[in-house]
Every structure is written in structure tokens, then in C-alpha cells.
Amino acid sequence: MKMNNAKNREPLTDTQLLMSITIVIFVVMYLIAMIFLGGGFLHAQQIFDMLNDNASLIIVSCGLTIVMIGGGIDISVGAVTSLVVMSCVLYLNNGGNILVSIFLAVGIGLAFGLVQGFLISYLEIQPFIVTLAGMFFARGMTTILSVNPQKADHEGFAKLRDAKIEINALGYTAKNGNLVPARMELGVVVALACVVLIFILLKYLRLGRNFYAMGGNQQSALMLGINVKRTRFLSYILSGLLSGISGYVFMLHTGAGNATNAAGMEMNAIASSIIGGTLLTGGVGNVAGTFFGTLTLTTIKKIVVSSGLNDPWWQSITTGGMLCFFILLQSVVLSKRSKKKKQ
Amino acid sequence: MQEEVLLQMRHIEKRFPGVLALNGVDFTLRKGEIHALMGENGAGKSTLIKVLTGVYQMDGGEISVEGTNISIRSPQDAQNKGISTVYQEITLCPNLTVAENMFIGREGGAWVKHKDYEKRADEILTHLGIPARSTQQLGNCSLAVQQMVAIARAVDMNCKVLILDEPTSSLDDKEVNMLFDLMRDLKAKGVGIIFVTHFLEQVYEVSDRITVLRNGELVGEYLTEELPQVELVAKMIGKELDELSNLGDTEEKEHKDSEVLYEASNLSSTDAMPFDFSIRKGEVNGFTGLLGSGRSESVRAIFGADKVTGGSVKIKGKPVKITKPIDAMKNGIGYLAEDRKRDGIIAELSVRENIILALQVMNGLFKPISRSEAEAFADEYIKVLNIKTASRETPVGSLSGGNQQKVILARWLLTHPDYLILDEPTRGIDVGTKLEIQKLVLKLAEEGVSVTFISSEVEEMLRTCSRLIVMRDRHIVGELKGADLNQTQVMKTIAGGEA
């Protein structure tokens with residue numbers, strides 16, 4: 001009987017373990033905020049605001065998680081997002097069509113993924129260098145398109161931008177007695193869909209498992225018969241594609257293009273992935289973790305602001321602290337694990 | 001034992017620039033046998049394995065499996081033709097589950113059928129008696145189990161020939177037994193197993209036949225039960241026993257009077273088992289044993305090159321702590337590493353820069369050696385050691401092996417060590433330079449430097465050392481000096497037991 005019990009309770013894999021830690025920390029942190037700070041944290045709208053503001057960050061973080069699981073890195077994602085926003089705004093303002101603008105966004109993202117993926121996988125150039133070049137290129141292109149901020153004044157787009165999903169049950173009653181429903185933007189739906197789809201891809205599709213194998217041990221993956229070059233190529237294409245989608249979602253949220261849009265987004269995305277339990281060394285990670293990683297990062301920023309530390313540098317400092325804390329925690333947990341195994 | 005021939009390699013030849021690595025080697029593997037492939041360093045066994053697995057393309061000869069001639073283009077191709085290899089380093093993904101490791105990369109379809117894989121994996125694991133569960137993360141299993149999972153994968157891919165390349169080198173006794181049980185099991189199922197190892201006892205425990213290679217040539221194929229251990233050693237090292245008895249006229253060099261320079265008790269490192277060792281001033285001693293017997297690991301522990309895990313060390317009677325190379329260097333110990341290319345030379349730097357390296361490290365970052373000083377040192381040692389180089393500014397990588405070795409020797413001599421450890425200083429260098437190095441060792445000893453000298457060539461050690469420490473399977477099994485210092489006695493001690 002004892003044997004049977006042991007069989008049912010399999011120890012968590014590294015990926016599951018790190019993700020669980022993130023979720024627990026997020027929940028504890030949020031509860032603490034609810035108890036000590038109250039205010040906005042007591043309303044469901046707080047969560048919806050966090051999602052509304054960070055839908056595009058969640059999407060690029062998913063892409064980055066894929067690349068990082070495969071043992072790579074992509075720092076062009078923020079700049080590509082920005083380029084997509086500017087391109088689509090200009091296109092729409094010149095009498096464009098909504099459907100075509102979506103294709104434009106996806107197309108730009110895919111183009112970056114294809115070129116960068118090709119250089120990294122088939123010409124074997126360092127991913128950091130390639131995507132650094134991609135980042136500069138995309139930033140430059142955005143500025144060429146327009147130095148000044150551009151507001152989207154397309155009619156159909158305005159409808160799409162203002163469309164909100166209202167959930168009365170999660171709303172609250174304002175001081176004047178009116179019910180204010182919880183509002184969620186369309187971008188959040190897209191982001192959640194991305195998280196679910198990528199989760200399925202990584203867990204149940206052969207391609208997804210190949211990403212893990214490649215990141216776990218590239219040489220082994222090759223010996224096990226995996227086409228490593230193609231797998232790596234596809235990881236960058238997915239990241240590019242998600243950057244394109246992220247750009248469109250970003251535009252839905254802000255409604256304007258600006259050369260400084262999404263500045264530093266790639267770094268926030270890396271931070272989200274790491275906090276969510278993705279290892280920079282590859283092979284371990286999960287988009288569900290990344291999703292909670294983004295929320296954790298956002299929550300801590302909100303807590304800092306709610307505590308009265310309004311200056312922007314406090315957010316940076318806490319982000320840095322969080323990142324250090326999580327990386328330390330991960331390495332301690334994982335090294336304890338490998339020590340236990342040896343004994 | 002069935003006698004049906006499974007794999008035949010005939011007159012295999014493989015040439016590398018300047019070397020004939022395999023010279024007309026024959027190898028035959030029968031169905032349901034465990035066949036040990038033996039040989040010392042450079043004998044050609046890993047080349048032969050790499051030819052068989054498609055890593056190298058052979059330059060001549062033919063390979064046939066079950067009577068049909070085949071050509072093997074890549075490791076993938078070899079697997080498809082029923083030849084699977086399990087390497088010393090595990091070539092699986094530690095972050096995936098056991099089941100995934102068994103099926104990834106060889107299943108069609110876009111979806112992963114986790115449940116299906118797990119069921120099939122569990123069946124195979126139970127069938128082969130491997131103590132692992134399919135849903136476990138591979139990295140959480142012991143190394144032995146990981147190795148067995150690799151074997152299970154190979155078996156499930158219908159391999160006929162299974163090559164195990166040094167599978168036991170990182171396993172403990174219990175794990176080795178588990179692996180052997182699995183090997184015997186597969187043997188009963190008709191799989192032909194090629195077992196490459198340097199643990200003699202394991203060969204005798206599990207193998208049916210032994211093929212010995214030496215210097216890229218076939219020495220012979222023997223039934224394990226008909227080949228005594230001491231003869232196997234002789235065949236690997238390359239002297240027939242009868243000839244050996246006549247040799248061994250080493251002059252007596254006792255050092256009872258001089259003080260003990262270095263003394264270690266119970267010294268151990270991450271790679272070396274605890275051992276006791278001492279050396280007197282001006283003494284030349286040697287560690288001998290087959291490759292993998294722990295001889296290099298022991299001297300690395302003395303130098304602190306691997307993480308020292310226990311034991312105490314005294315130098316000139318005073319306790320010292322040596323846990324990393326710089327400690328050893330400060331205590332007057334120099335170490336010429338076994339792998340010249342990896343641990344010795346820095347190929348892109350000049351002869352001069354390579355020579356002053358150790359001295360510079362000892363002086364520290366803030367006491368640089370001036371250019372003129374460095375040039376003087378370099379010129380001096382180029383002359384003293386007769387290093388053949390175009391100039392002191394020539395990159396070391398362009399020198400011949402023997403001269404590279406002299407550059408590293410110069411590097412250590414420049415630090416004026418009291419105790420110099422030379423691990424395989426004569427490997428892969430020409431005979432003339434070998435003699436020069438041996439003479440240099442003896443000269444250093446006369447000047448009062450203690451030297452530990454390691455070489456795969458026993459003869460060379462007998463010529464230079466006054467005391468030999470014999471190791472087998474990571475333990476010191478004997479210490480020979482005086483009249484016992486002859487080749488027969490050395491081989492008997494290496495092989496263990498009586499001849």
C-alpha cells in the first residue's frame with residue numbers, strides 16, 4: 001500500500017516547483033496588500049486594471065518564455081511592439097482597413113521572427129547580438145515613421161478600442177449609489193487566449209516538448225533525434241509573432257503611436273519570465289508561471305505606489321529587488337534539490 | 001552462448017593528420033555476448049567506437065551487420081541500423097520525464113500522448129527491471145538509473161548492437177551491479193553488447209570475450225575465462241611476460257636520510273578516494289596503474305586541482321592547507337597537467353607569455369614581471385631546455401607536442417618548486433624529447449627537488465622512479481621499491497592476485 005501512495009505522489013518537476021512558488025508568493029503578496037493597504041486592492045477592478053495595463057506585456061512575456069525555455073533570448077520584443085503600434089496607427093489614419101491592420105501587425109512580428117530566427121538558428125550567430133541589432137533596427141524604423149506621437153483617429157478602430165467587457169457581478173457600488181461594473185479591455189481576452197494556447201503548445205505538442213529538450217541539453221536533444229535548428233528557428237518565429245500581436249494589443253490600450261512606446265518592455269518581459277520560474281539557462285519554465293510573474297511584478301509596483309512612494313525610481317528599485325530575490329530563491333531551491341538527489 | 005555473428009568489422013583503417021589511429025583492426029561481435037574492448041590511452045578503442053557509431057568515417061575496411069555490408073553515415077544512421085550507444089556522459093534531457101526521454105524525437109504526429117508514453121515506458125521499465133517511474137523527472141534519478149533509461153530507449157528502438165562506453169565510471173558498486181544485471185538480461189535476449197571500460201575487475205565479472213587494441217592495432221581476441229588478468233595487462237601495456245622478467249635493473253636509490261618534504265594523510269577530493277602519501281626531499285616517485293585507476297585524480301588532489309574534501313597535509317613537518325592550486329603553488333608545488341591542450345598551454349599566447357604565467361600568478365596582479373625580465377627568463381629556459389621554437393614570441397600552439405611540453409616545464413621550473421608533479425609529461429611526444437625529459441627529472445632530483453612522475457609507460461617510470469605507488473580501481477594497492485621495482489612485479493600488482 002505504501003508503494004502505491006508513493007506512486008501517486010510524484011515529486012514536482014523543476015518547472016512545476018518554480019511555478020508553484022511564484023503563485024504562492026503572488027497570492028500572499030496580494031492578500032497582504034488587501035489587508036494593509038485596502039483601498040483599490042479590495043475591488044476586483046484592481047486586478048482588471050492590472051490586466052488592462054499589462055495585456056501586451058503578458059503576450060511578449062509568453063514569447064520570451066518560449067525562447068528562454070529553448071535556451072535563447074530575444075530582446076527585440078519591446079522595439080518590435082513599438083514599431084507595430086506606429087505602423088498600424090499610421091496605416092489606419094491613412095484610411096486603412098481594420099482587418100488589414102491586424103495582418104500588418106502580425107506580418108511585421110513574423111518578419112522579425114523569421115529573419116532573427118534564421119540568423120540565430122542557421123547561421124549560428126549569438127541570439128543576444130542578433131536581437132540587439134533587431135531592437136535597434138525596430139526602434140530606428142519607428143522613429144523614421146514618425147518622430148511625433150500619432151493618435152489613431154480611425155472610426156472603426158475607436159469602437160474597437162473603447163469596447164469593454166463589463167462584468168456586473170464583480171463591480172462595486174460607488175458613493176453616489178450607482179453600480180460600477182468591472183471593466184476588461186479586448187486586449188486582455190487576446191492575452192488570456194495567448195497564455196492558454198501557448199500553455200497547451202508547451203505541454204501537449206511535440207514542438208513544445210522539443211523546446212524543453214533543446215533548452216535542457218542541446219547536445220542530447222540532437223542525439224535524441226530532434227531537429228534542433230528547426231526547433232530553435234520556430235521558437236524565434238513564435239516570439240516574433242507574439243510581439244506583433246502584442247503591438248496590436250498595445251495600440252488597443254493606448255490608441256496612439258509614439259517612438260518611446262514600450263520602452264524597456266523587453267526587460268520587464270524577461271523579469272516576468274524569470275519571476276514566473278523560467279530559467280535563463282533553459283529547459284525550465286511555463287507560461288502559466290510567466291502570467292503570474294507579470295502579475296507579481298505589477299502588484300509590487302502598485303503596492304509601492306499605494307504606499308506613497310510615487311517617484312518612478314522606487315518602482316525600478318523594487319523590480320530589481322524582486323528579481324534578485326526570485327533568482328536567489330530559485331537557485332537555492334534547485335541546488336537543495338540536486339544535493340538531496342546526490343545523497 | 002550463441003555463436004551467431006552479429007557484427008563484423010574487417011580491416012578497419014582510420015587516418016588522422018600525421019597518425020594512423022586504426023591500422024587494419026578486426027572486431028567481431030556475436031549474438032548474445034558481452035564483449036569487452038580494452039586498451040590503454042591512444043590504443044584506438046574510442047576511434048573504433050566512433051567509426052562504428054558514424055561519428056567518424058573510416059578510411060578503409062568494411063562493416064557488416066548480420067552478414068550484410070553497411071555503411072554508417074551519422075550517429076542517427078547508426079541508430080536506425082540497430083547500433084545504439086550509451087555514452088559515459090548521459091545524452092538525455094534531465095529536465096524532462098523518464099517517459100519523454102524514452103520517446104522524444106522518434107515519435108510522429110504533432111501531439112504528445114503523455115498517458116500513452118507513460119504506459120509504454122512503465123511496461124519497458126518493469127520488463128527490464130529498471131527501478132524508475134515513467135513520470136519521474138529524469139534529473140531526479142540517480143546516474144545509474146539515467147544510464148539505464150538511456151539503455152531502455154535503445155532497447156525499445158530495437159537495437160541489435162549496444163555500445164556501452166565507460167558506463168560505470170561514475171557509478172557506485174551497488175549501481176554497477178544493477179547495470180550488470182540489466183546487461184546480462186539483455187544478453188539473454190540476444191543483444192550484442194560492446195563494453196568499453198578500464199575497470200579490470202568489471203571486465204572479468206561480466207564479459208564473455210575480450211578484444212585488446214594497442215597503438216591502433218589489434219592485439220587479439222580472447223575468451224575472458226582463458227585470459228588471466230596479468231596477461232591482459234601485459235597485452236594492453238605491450239610486453240609479453242617472459243621478456244619482462246629479464247628487465248628491471250634499477251639502481252637503488254633510497255632516501256632514508258633526507259627529510260620528508262610532503263606528507264598527506266587521508267587526503268581526498270571530489271574525484272579521489274582518501275589516500276596516504278609522502279615524499280622525501282630529492283626523491284622521484286611515481287603513481288602507476290591503468291588509465292582510470294585514480295593515479296591522476298590522486299595527484300590532482302595533492303595540487304588542489306579538484307575540490308579537496310578531506311585529509312591533512314604537512315609540508316616539511318608543518319601542517320598546511322591546500323585546497324586550490326594557488327595554495328599549492330605558494331607552498332612550492334608545481335603540477336604539469338595530464339591534458340596538455342586543455343590544462344596546460346594557452347595556444348594563442350607566445351612562448352614567453354606561457355613561460356612566465358605561473359610565476360606571474362604567484363607574484364600577484366600588482367607585481368608585474370617587466371618585459372625585459374620576462375624576455376630574459378624565456379631566453380634562458382629556451383636554451384636550458386633546448387626548446388625548438390622560431391623565437392620567444394612564437395605562439396605556443398604552433399610548436400610540436402614535445403616542445404609545448406617543455407614550455408610548460410619551463411613555466412614550473414621558473415617558480416623554483418620544491419616539489420614538482422609531472423602527470424604524463426611524455427605522452428604523445430617523440431622519443432628524443434622523452435629521454436630529455438627523463439634526464440631532466442633525474443637532474444632536478446639531484447638538485448634536491450622532489451618529483452612525482454606519472455606515465456602510462458611502465459618502463460619509463462622504472463627508469464626514473466625510486467619508488468612506485470600502484471593503484472587499482474581508485475585505491476592504492478601496493479608500494480614497490482628496491483628489488484620489487486621491476487616490470488613483472490608492477491604488472492602483478494596492477495592486475496591484482498597472482499599471475
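The values are calculated or read from the model by the stated rules, or taken from the named source; none is laboratory data. As the structure is a computational prediction, the values presented were derived from the model and not from experiment. Reconstructed Cβ throughout: ideal geometry from the backbone, glycine too, with neighbour counts over all protein chains shown.
Quick one: would you say B:Glu231 is in contact with a Gly (Cβ under 9 Å, 6 or more places away or on another chain), in a helix (DSSP H, G or I) and surrounded by fewer than 21 Cβ atoms within 10 Å (Cβ to Cβ)? Let's see the steps before the verdict.
Details: in contact with a Gly (Cβ under 9 Å, 6 or more places away or on another chain): no; in a helix (DSSP H, G or I): yes; surrounded by fewer than 21 Cβ atoms within 10 Å (Cβ to Cβ): yes.
No: the conditions fail for B:Glu231.
For A:Ile75, all conditions in the list (1) surrounded by fewer than 24 Cβ atoms within 10 Å (Cβ to Cβ); (2) in a helix (DSSP H, G or I); (3) at pLDDT 95 or above; (4) of a type outside the set (D, E, K, R) hold save one; what is the number of the exception?
(2)
Identify all residues within segment A:174-226 that are farther than 18 Å from A:Leu238 by Cβ, within 14 Å of chain B (Cβ to nearest Cβ) and assigned to a strand (DSSP E or B); write none if there are none.
Selection gives nothing.
Out of the residues in segment A:200-248 meeting the condition of being of a type in the set (D, E, K, R) and over 17 Å from A:Thr15 (Cα atoms), tell me which one is surrounded by the most Cβ atoms within 10 Å (Cβ to Cβ).
We begin by selecting, within segment A:200-248, every residue of a type in the set (D, E, K, R); these are A:203, A:206, A:209, A:229-230, A:232.
Retained after the next criterion (residues that are over 17 Å from A:Thr15 (Cα atoms)): A:206, A:229-230, A:232.
Numbers: A:Arg206: 19, A:Lys229: 16, A:Arg230: 14, A:Arg232: 26.
In this case the residue turns out to be A:Arg232.
Answer yes or no: is there a residue in segment B:336-344 that is in contact with a strand residue (DSSP E or B) (Cβ under 6 Å, 6 or more places away or on another chain), assigned to a strand (DSSP E or B) and at pLDDT 90 or above.
no
Here are some residues: B:Gly60, B:Gly44. Which one is among the small types (Gly, Ala, Ser) and over 21 Å from B:Phe195 (Cβ atoms)? Break it down into steps so the answer makes sense when it comes.
Values: B:Gly44 fails: over 21 Å from B:Phe195 (Cβ atoms).
Going through B:Gly60, B:Gly44 in turn, the sole match is B:Gly60.
Considering segment B:457-494 alone, what residues qualify as being within 20 Å of the chain's Cα centre (by Cα) and buried (at least 21 other Cβ atoms within 10 Å of the Cβ)? Spell out the reasoning first.
Our first condition is that a residue be within 20 Å of the chain's Cα centre (by Cα); within segment B:457-494, this holds for B:457-461, B:468-477, B:490-491, B:493-494.
Across segment B:457-494, the qualifying residues are B:Val458, B:Met461, B:Leu468, B:Ile469, B:Val470, B:Met471, B:Arg472, B:Val490, B:Met491, B:Thr493, B:Ile494.
B:Arg120 fails exactly one of the following numbered conditions: (1) in a loop (DSSP other than H, G, I, E, B); (2) within 30 Å of A:Lys203 (Cα to Cα); (3) more than 14 Å from chain A (Cβ to nearest Cβ). What is the number of that condition?
Against the list (1) in a loop (DSSP other than H, G, I, E, B); (2) within 30 Å of A:Lys203 (Cα to Cα); (3) more than 14 Å from chain A (Cβ to nearest Cβ), B:Arg120 comes up short only on (1).
Say we look at segment B:138-186 and pick out the residues that are part of a helix (DSSP H, G or I) and charged (D, E, K, R); which of these is nearest to the other protein chains (Cβ to nearest Cβ)?
Once the filter is applied, the top-ranked residue is B:Arg153.
Out of all the residues in segment B:95-107, is one or more at the interface with chain A (Cβ under 9 Å from one of its Cβ atoms), free of Cβ contacts under 8 Å to residues at least 24 places away in the same chain, surrounded by fewer than 21 Cβ atoms within 10 Å (Cβ to Cβ) and outside any helix (DSSP H, G or I)?
Checked against the condition, which is being at the interface with chain A (Cβ under 9 Å from one of its Cβ atoms), free of Cβ contacts under 8 Å to residues at least 24 places away in the same chain, surrounded by fewer than 21 Cβ atoms within 10 Å (Cβ to Cβ) and outside any helix (DSSP H, G or I), segment B:95-107 yields at least one hit.
Hey, among B:Ala301, B:Ala390, B:Ala358, B:Ala305, which residue is of a type in the set (A, V, I, L, M, F, W, C), in a loop (DSSP other than H, G, I, E, B) and surrounded by 15 or more Cβ atoms within 10 Å (Cβ to Cβ)?
Exactly one residue qualifies, and that residue is B:Ala305.
If you take the residues in segment A:227-239 that are of a type in the set (A, V, I, L, M) and in contact with a Leu (Cβ under 7 Å, 6 or more places away or on another chain), which one is farthest from the other protein chains (Cβ to nearest Cβ)?
So the first thing to find is which residues in segment A:227-239 are of a type in the set (A, V, I, L, M), and the list is A:228, A:234, A:237-238.
Next, from what is left, pick out any that are in contact with a Leu (Cβ under 7 Å, 6 or more places away or on another chain): A:228, A:234, A:237.
Details: A:Val228: 10, A:Leu234: 12, A:Ile237: 16 Å.
Once the filter is applied, the top-ranked residue is A:Ile237.
Hey, could you check segment B:64-93 for residues that are among the aliphatic types (A, V, I, L, M) and more than 14 Å from chain A (Cβ to nearest Cβ) and say which is surrounded by the most Cβ atoms within 10 Å (Cβ to Cβ)? Please lay out each step first, then the result.
Our first condition is that a residue be among the aliphatic types (A, V, I, L, M); within segment B:64-93, this holds for B:65, B:70, B:72, B:78, B:83, B:86, B:90, B:92.
Retained after the next criterion (residues that are more than 14 Å from chain A (Cβ to nearest Cβ)): B:65, B:70, B:72.
Details: B:Val65: 19, B:Ile70: 16, B:Ile72: 22.
Selected residue: B:Ile72.
For segment B:198-220, name all the residues that are within 22 Å of B:Ala188 (Cα to Cα), touching a Gly at 6+ places or on another chain (Cβ under 8 Å) and among the β-branched types (Val, Ile, Thr).
Here is the first cut: in segment B:198-220, the residues within 22 Å of B:Ala188 (Cα to Cα) are B:201-211.
Among the residues that remain, those that are also touching a Gly at 6+ places or on another chain (Cβ under 8 Å) are: B:201, B:211.
The answer is B:Thr211, and nothing else.
Got at least one residue in segment B:38-46 being over 10 Å from B:Gly216 (Cβ atoms) and assigned to a strand (DSSP E or B)?
yes
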